[in-house]
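Peer 1: One structure, pasted below without further comment.
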Amino acid sequence: MIEIEKATKVFGTGDTAFMALSNVDVTIAANEFFTLLGPSGCGKTTLLRLIAGFEPPTMGSISLAGKDISRLPPSQRPVNTVFQNYALFPHMSVAQNIAFGLEMLKKPKAEIRSTVDEMLRLVQMEELKNRRTSEISGGQQQRVALARALAPHPEVLLLDEPLSALDFKLRKEMQIELKRLQNETGITFVFVTHDQEEALTMSDRIAVMNAGKILQVGSPRDIYERPSERFVANFVGESNFLNAELSGSEVTLAVGGRFAVSAPNGVEDGKVSVLVRPEHISVRAGGSGENELTATIETIVYSGESTSIHLRLANGEAIRARMANEPQGAGGLPAEGGQVAVIIAPCAITVLRD
Amino acid sequence: MVEYQTYAPGELEAEARASDYKSRWLLSLPAILIIIFAAAGPLMVMVVYSFLAPGDYGNVKWEFSLEGWMNTVIQRDIFDDTLVWADAHLSIFWRSLSLSLLTTVATLVFGLPTAWYIATQPSGKRELLLYLVTVPFWANLLVRTIAIQELIRTEGVINLVLLKVGFINEPIQMMFTNFAIGFGMTYVYLPLMVLPIYAAVDKLDFRLVEAAHDLYASRWTAFRRVILPLIKPGIIAGSILVFIPSLGAYVTPRVLGGGKNLMFGNLIELQFGQGRNWPLGAALSLMLMAAVMVALIWYVRVTSREQADG
């Protein structure tokens, strides 16, 4: 279990000082796949480097399994890192790279050899163990970096955007691979990414970060379906924000229509903004029934598995609907400029803390 | 109606290649001319001279002789005409070799930390420090050597300070010793060690050092196992750049070593001057060149193996 308390990191001094992390509190459970998600510059990599020990925190403490490790150098923390560009030793072979950590821990030769073989098997690199790291592909380098960091069997594995250099297909494969490795080894994974889809696919829990702060921690489902604030909703998935009025457990949209909601703590009655995911909105031709809104179609964008429909509501607010494409083709939708009825699915409205 | 000309397969490519080849020759012509007249020509003169007999007042006599080459290591005893090892030459060769190696080691010991320090500074300060390293090149070598003399002579700065502090009772004789030559050459050639190592450290990916620490390497182990192998090309280049001119150094040993502590360069100069033995001088020059070539070939082989590996 990693406990991070009031972690603050300031780079530089005086006018050029930059607060990369401010008062971050977070607890990561043992054996958890924990993801730090946020845009670049949000402090997620800084937090990772603090856990690894590459940077000392300006304030706050980090403890691992109840022991304060804030003052330990990286070489004395039972934590290994998979670096963003792998940082494989170019003057060593694949096997030598994987053996490095074990050699530093002064393990017996026979144990090193068997662990390296086991790691090579785990990441399916047995054939290439004598290659130089410059002679293998990006995906293979990624596997070697993973094997090198796993070989000493650390308590925590830190992964700094390890998949960002891979192409789409390989990235998808490695996502599943990483999840499998985490299950098999039982090691706590702390994974840094700016890719929300990656975070949702792999994580047990996600911490969404922005401007040096953690905004929300929760399961992928929590984060996607019940984001606590506008930034989280906007960063994770596609969002429509609408103005509304909250009274008790009901909101009235500015454009009309009343919906039952459960408001998060700390949101008082009155003007609020609400989130509706585009896939929870459907449109059909014709007039409007109860709890249906009318809108004008502005643009229709076809994107393979689904079609995105950009709509303008009666009060001028813009929203998007995303509908799965049916095998029989798009029938019955008016062309751009046409009037349609907009149906919002029940329970699809989330009230946001602004 | 447009007329299309038809070409045989590969015809256009061959034409392009031919014209490329021609212009490449034309462009390298100036360099080739300079190499022939300014390097290969004089070198041939030296080779020819080394196989001739010495003239009475310098210069050469045009008759074939192996005396020049023999005299590099063997000399005729003046009393009984027997052949003996030229001890004076051998001790000069040894002094040149050992002082050059010592200079290389000393510049490495001082140059590596310096280069490391410079390369790890923020960019503005780094340029300033690099500039400072190259400043000595702006002053004449002789002037700089005489400045060293001012430091180490019997009434020089170092001795005066040590006497004043009471560290020593009488001045240390440093001038005209092997130490003086080594000290002077270390000073003169230090930038030639610092710059290539700086370039290597500058290229070093410090994330690799972080990775080593992350994998439980101590500072010393990370240096030995990761940093050193990666900056080795810079260290080898710096060593070659220091070792080769040290071997042939002339001004520094002349000023700081005096008349007794000769090095290879001084011995050669002697043959063309007072010694009036041009064939011996030519043979010695070619020997020095051969030694340098051996060092360079070793360098090329080590680095090319390195590249084939990495």
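The values are calculated or read from the model by the stated rules, or taken from the named source; none is laboratory data. Keep in mind that what you see is a predicted model, and the values were worked out from it rather than measured. In this analysis, Cβ positions are derived from the backbone assuming ideal geometry, glycine residues included, and neighbour counts consider all displayed protein chains.
Peer 1: Counting only residues that are part of a loop (DSSP other than H, G, I, E, B) and over 23 Å from the mean Cα position of the chain (by Cα), which one in the stretch A:66-86 is farthest from the other protein chains (Cβ to nearest Cβ)?
Peer 2: If we filter the stretch A:66-86 for residues that are part of a loop (DSSP other than H, G, I, E, B), which is where we start, we get A:66, A:69-73, A:77-78, A:83-86.
After this cut, where a residue has to be over 23 Å from the mean Cα position of the chain (by Cα) as well, the list is A:66, A:69-73, A:77-78.
Values: A:Gly66: 21, A:Ile69: 13, A:Ser70: 16, A:Arg71: 15, A:Leu72: 11, A:Pro73: 7, A:Arg77: 8, A:Pro78: 9 Å.
For the stretch A:66-86, the residue satisfying everything is A:Gly66.
Peer 1: Considering the stretch B:248-274 alone, what residues qualify as being of a type in the set (A, V, I, L, M), over 24 Å from B:Gly58 (Cα atoms) and surrounded by 22 or more Cβ atoms within 10 Å (Cβ to Cβ)? Talk me through it step by step, then tell me what you get.
Peer 2: From the stretch B:248-274, those of a type in the set (A, V, I, L, M) are B:249, B:251, B:255-256, B:262-263, B:267-268, B:270; that's our starting set.
Remaining after also requiring over 24 Å from B:Gly58 (Cα atoms): B:255-256.
Residue satisfying the conditions is B:Leu256 alone.
Peer 1: Quick test of your reading of the structure: A:Met19 fulfils all but one of (1) in a strand (DSSP E or B); (2) modelled with pLDDT of 90 or more. Name the failing condition by number.
Peer 2: (2)
Peer 1: Among B:Thr221, B:Thr177, which is within 14 Å of chain A (Cβ to nearest Cβ), of a type in the set (S, T, N, Q) and surrounded by fewer than 21 Cβ atoms within 10 Å (Cβ to Cβ)?
Peer 2: On the way: B:Thr177 fails: within 14 Å of chain A (Cβ to nearest Cβ).
Going through B:Thr221, B:Thr177 in turn, just one is within 14 Å of chain A (Cβ to nearest Cβ), of a type in the set (S, T, N, Q) and surrounded by fewer than 21 Cβ atoms within 10 Å (Cβ to Cβ): B:Thr221.
Peer 1: Here is a further query. Checking the conditions here, which among A:Met125, A:Met119 is within 21 Å of A:Arg180 (Cβ to Cβ) and in contact with a Lys or Arg (Cβ under 7 Å, 6 or more places away or on another chain)?
Peer 2: Values: A:Met119 fails: in contact with a Lys or Arg (Cβ under 7 Å, 6 or more places away or on another chain).
One residue alone meets the criteria, A:Met125.
Peer 1: If B:Val48 satisfies all but one of (1) touching a helix residue (DSSP H, G or I) at 6+ places or on another chain (Cβ under 7 Å); (2) of a type in the set (Val, Ile, Thr); (3) farther than 30 Å from B:Val242 by Cβ, what's the number of the condition it fails?
Peer 2: Of the numbered conditions (1) touching a helix residue (DSSP H, G or I) at 6+ places or on another chain (Cβ under 7 Å); (2) of a type in the set (Val, Ile, Thr); (3) farther than 30 Å from B:Val242 by Cβ, the odd one out for B:Val48 is (1).
Peer 1: Also: Is it true that B:Ala199 is within 30 Å of A:Leu72 (Cα to Cα), assigned to a helix (DSSP H, G or I) and small (Gly, Ala, Ser)? Give the steps one after another, and end with the answer.
Peer 2: On the way: within 30 Å of A:Leu72 (Cα to Cα): no; assigned to a helix (DSSP H, G or I): yes; small (Gly, Ala, Ser): yes.
Spelling it out, it is not the case that B:Ala199 is within 30 Å of A:Leu72 (Cα to Cα), assigned to a helix (DSSP H, G or I) and small (Gly, Ala, Ser).
Peer 1: Further question: Being of a type outside the set (D, E, K, R), farther than 20 Å from A:Asn210 by Cβ, surrounded by 13 or more Cβ atoms within 10 Å (Cβ to Cβ) and out of contact with any Leu (no Cβ under 8 Å at 6 or more places or on another chain) is the requirement here; does A:Ala20 meet it? Show your work before the answer.
Peer 2: Values: of a type outside the set (D, E, K, R): yes; farther than 20 Å from A:Asn210 by Cβ: no; surrounded by 13 or more Cβ atoms within 10 Å (Cβ to Cβ): yes; out of contact with any Leu (no Cβ under 8 Å at 6 or more places or on another chain): yes.
So A:Ala20 does not fit the description; no.
Peer 1: Is it the case that B:Glu127 is touching a helix residue (DSSP H, G or I) at 6+ places or on another chain (Cβ under 8 Å), acidic (Asp, Glu) and farther than 13 Å from B:Tyr187 by Cα?
Peer 2: On the way: touching a helix residue (DSSP H, G or I) at 6+ places or on another chain (Cβ under 8 Å): no; acidic (Asp, Glu): yes; farther than 13 Å from B:Tyr187 by Cα: yes.
Spelling it out, it is not the case that B:Glu127 is touching a helix residue (DSSP H, G or I) at 6+ places or on another chain (Cβ under 8 Å), acidic (Asp, Glu) and farther than 13 Å from B:Tyr187 by Cα.
Peer 1: State all residues of the stretch A:23-45 that are part of a loop (DSSP other than H, G, I, E, B), buried (at least 18 other Cβ atoms within 10 Å of the Cβ) and not hydrophobic (A, V, I, L, M, F, W, C); if no residue qualifies, say none.
Peer 2: So in the stretch A:23-45, the residues part of a loop (DSSP other than H, G, I, E, B) come out as A:29-32, A:38-43.
Keeping just the survivors that are buried (at least 18 other Cβ atoms within 10 Å of the Cβ) gives A:32, A:38, A:42-43.
Hits for the stretch A:23-45 are A:Glu32, A:Gly38, A:Gly43.
Peer 1: Quick one: which helices (runs of 4 or more DSSP H) lie wholly within the stretch B:97-195 and hold at least 2 residues that are in contact (Cβ under 8 Å) with a residue 60 or more places away in the chain, over 21 Å from B:Ala237 (Cα atoms) and not hydroxyl-bearing (Ser, Thr, Tyr)? Reasoning before the result, please.
Peer 2: Numbers: elements: B:123-134, B:141-152, B:157-165.
Per the criteria, B:141-152.
Peer 1: For the stretch A:87-101, how many residues meet the condition of being more than 7 Å from chain B (Cβ to nearest Cβ) and either in contact (Cβ under 8 Å) with a residue 12 or more places away in the chain or in a loop (DSSP other than H, G, I, E, B) (or both)?
Peer 2: So the answer is 8.
Peer 1: Across the stretch A:110-130, which residue is nearest to the other protein chains (Cβ to nearest Cβ) among those that are surrounded by fewer than 17 Cβ atoms within 10 Å (Cβ to Cβ) and charged (D, E, K, R)? Walk me through how you get there before you give the answer.
Peer 2: Taking the stretch A:110-130 and keeping what is surrounded by fewer than 17 Cβ atoms within 10 Å (Cβ to Cβ), we get A:110-111, A:113-114, A:117-118, A:121, A:124, A:126-127, A:130.
With charged (D, E, K, R) added as a condition, the list becomes A:111, A:113, A:117-118, A:121, A:126-127.
Working: A:Glu111: 15, A:Arg113: 17, A:Asp117: 18, A:Glu118: 17, A:Arg121: 20, A:Glu126: 21, A:Glu127: 20 Å.
Here the answer is A:Glu111.
Peer 1: Which one is surrounded by the fewest Cβ atoms within 10 Å (Cβ to Cβ) among residues in the stretch A:131-152 that are within 12 Å of chain B (Cβ to nearest Cβ) and free of Cβ contacts under 8 Å to residues at least 40 places away in the same chain?
Peer 2: A:Glu135
Peer 1: Could you tell me whether any residue of the stretch A:89-99 is touching a Gly at 6+ places or on another chain (Cβ under 9 Å) and over 26 Å from A:Ala233 (Cα atoms)? Before you say what the answer is, go through the steps one by one.
Peer 2: Just the residues of the stretch A:89-99 that are touching a Gly at 6+ places or on another chain (Cβ under 9 Å), to begin with: A:90-91.
Now drop any that are not over 26 Å from A:Ala233 (Cα atoms), which leaves A:90-91.
Looking for residues that are touching a Gly at 6+ places or on another chain (Cβ under 9 Å) and over 26 Å from A:Ala233 (Cα atoms), one finds at least one in the stretch A:89-99, hence yes.
Peer 1: Then there is this: Residue by residue through the stretch A:218-243, note down the ones that are touching a residue at least 40 places away in the same chain (Cβ under 8 Å) and part of a strand (DSSP E or B).
Peer 2: Passing the criteria: A:Glu229, A:Asn240, A:Phe241, A:Leu242, A:Asn243.
Peer 1: Considering each residue of the stretch B:124-140, count those that are modelled with pLDDT of 90 or more and surrounded by 14 or more Cβ atoms within 10 Å (Cβ to Cβ), and give that number.
Peer 2: 4
Peer 1: Here's a follow-up. Do we find that A:Phe54 is within 14 Å of another protein chain (Cβ to nearest Cβ), in contact with a helix residue (DSSP H, G or I) (Cβ under 9 Å, 6 or more places away or on another chain), part of a loop (DSSP other than H, G, I, E, B) and free of Cβ contacts under 8 Å to residues at least 40 places away in the same chain in this structure?
Peer 2: The answer is yes for A:Phe54.
Peer 1: Going by what's in this entry, would B:Ile297 be described as closer than 30 Å to B:Ala147 by Cα, among the β-branched types (Val, Ile, Thr) and assigned to a helix (DSSP H, G or I)? Even if it seems obvious, please write down each step before you answer.
Peer 2: On the way: closer than 30 Å to B:Ala147 by Cα: no; among the β-branched types (Val, Ile, Thr): yes; assigned to a helix (DSSP H, G or I): yes.
Spelling it out, it is not the case that B:Ile297 is closer than 30 Å to B:Ala147 by Cα, among the β-branched types (Val, Ile, Thr) and assigned to a helix (DSSP H, G or I).
Peer 1: Something else about it: Please determine whether any residue of the stretch A:289-308 is closer than 26 Å to A:Arg226 by Cα, in contact with a Leu (Cβ under 7 Å, 6 or more places away or on another chain) and modelled with pLDDT under 85.
Peer 2: Yes, some residue in the stretch A:289-308 is closer than 26 Å to A:Arg226 by Cα, in contact with a Leu (Cβ under 7 Å, 6 or more places away or on another chain) and modelled with pLDDT under 85.
Peer 1: How many of the residues in the stretch A:192-213 are within 18 Å of A:Ala20 (Cα to Cα) and among the hydrophobic types (A, V, I, L, M, F, W, C)? First the steps, then the outcome.
Peer 2: Here is the first cut: in the stretch A:192-213, the residues within 18 Å of A:Ala20 (Cα to Cα) are A:192-194, A:207-213.
Going one step further and asking which of them are among the hydrophobic types (A, V, I, L, M, F, W, C), we end up with A:192, A:207-209, A:211.
Number satisfying all stated conditions: 5.
Peer 1: While we're looking at this one, here's another question. Counting just the residues of the stretch B:180-207 that are surrounded by fewer than 19 Cβ atoms within 10 Å (Cβ to Cβ) and of a type outside the set (Asp, Glu), which one comes out farthest from B:Lys260 (Cα to Cα)? Quick ask: steps written out before the conclusion?
Peer 2: Step one: list which residues in the stretch B:180-207 are surrounded by fewer than 19 Cβ atoms within 10 Å (Cβ to Cβ), which gives B:199, B:202-207.
From what is left, the residues that are of a type outside the set (Asp, Glu) are B:199, B:203-204, B:206-207.
Details: B:Ala199: 39, B:Lys203: 45, B:Leu204: 45, B:Phe206: 49, B:Arg207: 52 Å.
The residue in question is B:Arg207.
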